[in-house]
Amino acid sequence: DFQFDGQRYAAPLELGPGKWELRLNAQAQDGTAFAQRLALWVRG
């Protein structure tokens, strides 16, 4: 789960080496939908 730390939303986790894909879906209080897909590469 993402938590707001006063400056940003963050989620603590440890990723192994390789290519990862983050799919984020959120909804604003006014109902506006937000979706984003991010590619992450973790060096081994």
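With respect to Leu40, is the statement that it is in contact with a Leu (Cβ under 7 Å, 6 or more places away or on another chain) and at pLDDT below 95 true? Can you show your working first?
Details: in contact with a Leu (Cβ under 7 Å, 6 or more places away or on another chain): yes; at pLDDT below 95: yes.
Yes; evaluated as a whole, the condition is true for this residue.
Looking only at region 20-33, count every residue that is free of Cβ contacts under 8 Å to residues at least 12 places away in the same chain, open to solvent by less than 100 Å² (accessible area, probe 1.4 Å) and either part of a loop (DSSP other than H, G, I, E, B) or not aliphatic (A, V, I, L, M) (or both) and tell me the total. I'd like the intermediate steps shown before the answer.
To start, the set of residues in region 20-33 that are free of Cβ contacts under 8 Å to residues at least 12 places away in the same chain comprises 25-33.
Then keep just the ones that are open to solvent by less than 100 Å² (accessible area, probe 1.4 Å); that gives 26, 28, 31-33.
Restricting the remaining residues to those that are either part of a loop (DSSP other than H, G, I, E, B) or not aliphatic (A, V, I, L, M) (or both) gives 28, 31-32.
Summing the residues that are free of Cβ contacts under 8 Å to residues at least 12 places away in the same chain, open to solvent by less than 100 Å² (accessible area, probe 1.4 Å) and either part of a loop (DSSP other than H, G, I, E, B) or not aliphatic (A, V, I, L, M) (or both) in region 20-33 gives 3.
Here's a check for you: in region 1-15, which residue that is open to solvent by 100 Å² or more (accessible area, probe 1.4 Å), assigned to a loop (DSSP other than H, G, I, E, B) and of a type outside the set (A, V, I, L, M, F, W, C) is farthest from Ala26 (Cα to Cα)? Even if it seems obvious, please write down each step before you answer.
First, the residues of region 1-15 that are open to solvent by 100 Å² or more (accessible area, probe 1.4 Å): 1-4, 7-9, 12-14.
Adding the requirement that they be assigned to a loop (DSSP other than H, G, I, E, B) leaves 1-2, 7-8, 12-14.
Filter again for of a type outside the set (A, V, I, L, M, F, W, C), leaving 1, 7-8, 12, 14.
On the way: Asp1: 12, Gln7: 18, Arg8: 15, Pro12: 18, Glu14: 22 Å.
In this case the residue turns out to be Glu14.
The values are calculated or read from the model by the stated rules, or taken from the named source; none is laboratory data. Worth saying up front: this structure is predicted, and the values here are computed from it rather than measured. Heads up, the Cβs are rebuilt from the backbone with ideal geometry, glycines too, and the neighbour counts pull from every protein chain shown. Ligands, DNA and RNA are stripped out before the accessible areas are found, and what is left, the full protein with its side chains, is counted by its heavy atoms. Shrake-Rupley method; radii C 1.70, N 1.55, O 1.52, S 1.80 Å.
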